[in-house]
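Below is one structure, written out as structure tokens; comments come after it.
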Amino acid sequence: MSSILQEKRNNLFVISGPSGSGKNTVYEGVRARIPEIAQTISATTRAKRDGEIDGVDYYFMSVEEFRRRIDNGEFIEYVNYGHNYYGTLKSEIARLTELGRIIVLIIEVNGALRFKELFPEAQTIFIIPPSAEELRRRIVGRGQNTDAETETRLNIAVKEMANKDKYDHCVINDDLDQCIDEVYNIIKGDDQE
Ligand code: ADP
Ligand code: 5GP
């Protein structure tokens, strides 16, 4: 295993922020530079989009199954976001811990803050979009959401932005490469030295 993992102070990170702020794009940029990083695969009840694979992008499941798993205590955290359930399974943290990975959760704000309560050692990172207009452009430009879903996500974003000061780190995603550098430095631990 490379030196980053051995020298790091902790191996648990949460990347959060409004839908469309660039969380997944930034994560992929960081992952290209830190191969031992891995993302938890969340469970969701939302419909699978074109190109998404069950067990890779999400564990897709029915509302009944999701609720059964809630009742079984299988989730570390879960939320209802835009009329669908999303949640992090305890088994995901166990799986990636077993593999010795640096673990990253890419989740919305309520789940992120709940996770931080449960795992105070986790470093939480909030990705800030440069402006509301640019956030709209990115969601629309990504082409994955209906107009109604876009409006819902922008409304949720306003509430999410109000929580940014509760995070350990805030990073503006205007210039992508600069944002990737900043998140890379946080995960590598260089920003604290
Ligand atoms: P999230 O994971 O937060 O929902 P994505 O990573 O899917 O967001 O990014 C939303 C869209 O914005 C994508 O089409 C992505 O290519 C684009 N994007 C991300 N970061 C930037 C940036 N810094 N400048 C311009 N476009 C960006
Ligand atoms: P999407 O439908 O675009 O895949 O995800 C919608 C939102 O749900 C995004 O902000 C995403 O980060 C968040 N999300 C994905 N998985 C989880 C999870 O397990 N828990 C929480 N709290 N949010 C999640």
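The values are calculated or read from the model by the stated rules, or taken from the named source; none is laboratory data. Given the structure is predicted, the values throughout are model-derived calculations rather than measurements. Using ideal geometry, Cβ is built from the backbone for each residue, glycine included, and neighbour counts are taken over all protein chains shown.
Quick check on my filter: what residues within the range 82-134 are of a type in the set (Phe, Trp, Tyr) and farther than 26 Å from Gln144 by Cα? The answer is Phe115, Phe119.
Of the residues Arg68, Arg33, which is surrounded by fewer than 18 Cβ atoms within 10 Å (Cβ to Cβ) and in contact (Cβ under 8 Å) with a residue 12 or more places away in the chain?
Result: Arg33 is the single residue among Arg68, Arg33 that is surrounded by fewer than 18 Cβ atoms within 10 Å (Cβ to Cβ) and in contact (Cβ under 8 Å) with a residue 12 or more places away in the chain.
Being of a type in the set (Val, Ile, Thr) and either touching a Leu at 6+ places or on another chain (Cβ under 6 Å) or within 10 Å of ligand 2 (Cβ to nearest atom) (or both), is that true of even one residue in the range 158-173? Checking the range 158-173: not a single residue is of a type in the set (Val, Ile, Thr) and either touching a Leu at 6+ places or on another chain (Cβ under 6 Å) or within 10 Å of ligand 2 (Cβ to nearest atom) (or both). Taken over the range 21-50, the residue count meeting the criterion of being at positive phi and modelled with pLDDT under 95 is 0. When you look at Ile107, is it more than 8 Å from ligand 2 (Cβ to nearest atom), touching a strand residue (DSSP E or B) at 6+ places or on another chain (Cβ under 8 Å) and either of a type outside the set (S, T, N, Q) or farther than 26 Å from Asn155 by Cα (or both), yes or no? Here the answer is no, as Ile107 does not meet what is asked.
Return yes or no: is Ile103 away from ligand 1 (no atom under 16 Å from the Cβ), modelled with pLDDT of 95 or more, in contact with a helix residue (DSSP H, G or I) (Cβ under 7 Å, 6 or more places away or on another chain) and of a type in the set (Val, Ile, Thr)? Answer is yes for this residue. For the range 74-113, a residue qualifies if it is of a type outside the set (A, V, I, L, M) and part of a helix (DSSP H, G or I), and the qualifying residues are Lys90, Ser91, Glu92, Arg95, Thr97, Glu98, Asn110, Gly111. Is it true that some residue in the range 125-142 is away from ligand 2 (no atom under 16 Å from the Cβ), closer than 17 Å to Asn24 by Cα and aliphatic (A, V, I, L, M)? No, every residue in the range 125-142 fails to be away from ligand 2 (no atom under 16 Å from the Cβ), closer than 17 Å to Asn24 by Cα and aliphatic (A, V, I, L, M).
Every condition in (1) within 15 Å of ligand 1 (Cβ to nearest atom); (2) surrounded by fewer than 14 Cβ atoms within 10 Å (Cβ to Cβ); (3) of a type in the set (Gly, Ala, Ser) is met by Gly73 except one, and the failing one is (1). Number of residues in the range 43-96 that are under 22 Å from Leu118 (Cβ atoms), of a type in the set (Gly, Ala, Ser) and within 9 Å of ligand 2 (Cβ to nearest atom): the value is 2. Within the range 38-55, the set of residues being more than 13 Å from Leu105 (Cβ to Cβ), surrounded by 12 or more Cβ atoms within 10 Å (Cβ to Cβ) and in contact (Cβ under 8 Å) with a residue 24 or more places away in the chain comprises Thr44, Thr45, Arg46. On the stretch given as the range 114-131, residues that are within 23 Å of Thr88 (Cβ to Cβ) and not in a helix (DSSP H, G or I) total 10.
If the condition is being within 14 Å of ligand 1 (Cβ to nearest atom), touching an Asp or Glu at 6+ places or on another chain (Cβ under 8 Å) and not in a loop (DSSP other than H, G, I, E, B), then the range 16-63 contributes Ser16, Gly29, Tyr58.
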